[in-house]
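The values are calculated or read from the model by the stated rules, or taken from the named source; none is laboratory data. Since this is a predicted model, take the numbers as computed values, not measurements. Using ideal geometry, Cβ is built from the backbone for each residue, glycine included, and neighbour counts are taken over all protein chains shown. Keep in mind that these areas ignore ligands, DNA and RNA; they rest on the heavy atoms of the full protein, side chains included. Shrake-Rupley method; radii C 1.70, N 1.55, O 1.52, S 1.80 Å.
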Amino acid sequence: MSQTVVVRTIEEMWRLSREARRRGDVVGLVPTMGALHAGHRALIDRAQAECAFTTVTLFVNPTQFNQAEDLAKYPRTFEQDLAMCEEAGVDCLFAPAPEEMYPQPGVTHVEVSELTDGLCGKFRPGHFRGVTTVVAKLFHIAEPDKAYFGEKDFQQLAVIRRMVRDLDFAVEIVGVPIVREFDGLALSSRNARLSGAQREAATVLSRSLRHAAEAVANGEQDAESIRELTLEVIADEPLARPEYVEIVDPETLRPVARVEKEARLVLAAWVGEVRLIDNASLRPA
């Protein structure tokens, strides 16, 4: 276990990152909002394997929350998060206060249009503007060569990739596959808010994705039929309320009518008062 340096200021983060660059190190960045779990650990391990200097950011970004209550309930487990970073050998944990990241009300924002209009963007107005703005700031502050994001937030991953391409950020975006529990539930910091019955009910999401993927592998290509099959599986679980189920192009996030090449099935659902997201690749036979 190595000592992870905790950094609170932008100026100190600049200094450490630039020192690493002067040494010729490949600099890796894992942006998180804390409450780290095995899914985050997969991102960290990938960064550690590919980079000589790795920074994990821990910042619960207020500008990407639509509801103050959701922001207030977001779990904060700093000591546990630091312990995971030290166990993984992370060089730096950048954990700024909101006042450090936003010393005055922001009037400048980064927004990716079109890709944020549907899916989660339809139900969480302003969310992705908060995400892309803070990620752009983190890229400028940590100056990484590579940045690591989970595929569970598939729309977020696609949006950030497009932002990087459109604005010529000198950073490679690395997508890391979803990490799941033994019963298929995608790991999420929000899972901690589920009761026992809700936790069991939430597994219907991964089951519905699996049924859809099997249908496509067996020759089904009609997107609406696949979508209806997914909704039927979720409907069998009374504690789950689907918010959306869509089949989209993995890059543009536009709906597809037929799955004739790889597509992405993405969904969001409420289990009790907890909103969960999940997705799966659909590959035609």
>> Against the conditions (1) under 26 Å from K146 (Cβ atoms); (2) not in a helix (DSSP H, G or I), where does D81 fall short? Just the number, please.
In response: (2)
> Taking H211 and the conditions (1) in contact (Cβ under 8 Å) with a residue 24 or more places away in the chain; (2) open to solvent by 50 Å² or more (accessible area, probe 1.4 Å); (3) of a type outside the set (F, W, Y); (4) part of a helix (DSSP H, G or I), which numbered condition does it fall short on, given that it satisfies the others?
Replying inline: (1)
> Of everything in the stretch 181-197 that's part of a helix (DSSP H, G or I) and among the charged types (D, E, K, R), which residue is nearest to the chain's Cα centre (by Cα)?
Replying inline: R190
> Do we have S2 as of a type in the set (S, T, N, Q), part of a helix (DSSP H, G or I) and either more than 28 Å from G126 (Cα to Cα) or modelled with pLDDT of 95 or more (or both) here?
Replying inline: no
> Cβ-Cβ below 8 Å, separation at least six or inter-chain, first residue in the stretch 121-137 and under 18 Å from M101 (Cα atoms) and open to solvent by 20 Å² or more (accessible area, probe 1.4 Å), second among the aliphatic types (A, V, I, L, M) and part of a helix (DSSP H, G or I): which pairs?
Replying inline: K137/M101
>> Here is a check on your reading of the model: is T63 open to solvent by 60 Å² or more (accessible area, probe 1.4 Å) and assigned to a loop (DSSP other than H, G, I, E, B)?
In response: no
> Limited to the stretch 171-206, what total is found for residues that are surrounded by fewer than 16 Cβ atoms within 10 Å (Cβ to Cβ), at pLDDT 95 or above and touching a Pro at 6+ places or on another chain (Cβ under 9 Å)?
Replying inline: 1
> Considering only residues of the stretch 234-262 that are within 17 Å of A212 (Cα to Cα) and part of a strand (DSSP E or B), which is most open to solvent (accessible area, probe 1.4 Å)?
Replying inline: R258
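Matching residues to (1) open to solvent by 10 Å² or more (accessible area, probe 1.4 Å); (2) farther than 15 Å from E172 by Cα; (3) in a strand (DSSP E or B):
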{"position": "W14", "(1), (2), (3)": "yes, yes, no"}
{"position": "E19", "(1), (2), (3)": "yes, yes, no"}
{"position": "P31", "(1), (2), (3)": "yes, no, yes"}
{"position": "G34", "(1), (2), (3)": "no, yes, no"}
{"position": "H40", "(1), (2), (3)": "yes, yes, no"}
{"position": "R46", "(1), (2), (3)": "yes, no, no"}
>> Being within 12 Å of A212 (Cβ to Cβ) and surrounded by fewer than 18 Cβ atoms within 10 Å (Cβ to Cβ) is the filter here; which residues of the stretch 263-283 pass it?
In response: S281, R283
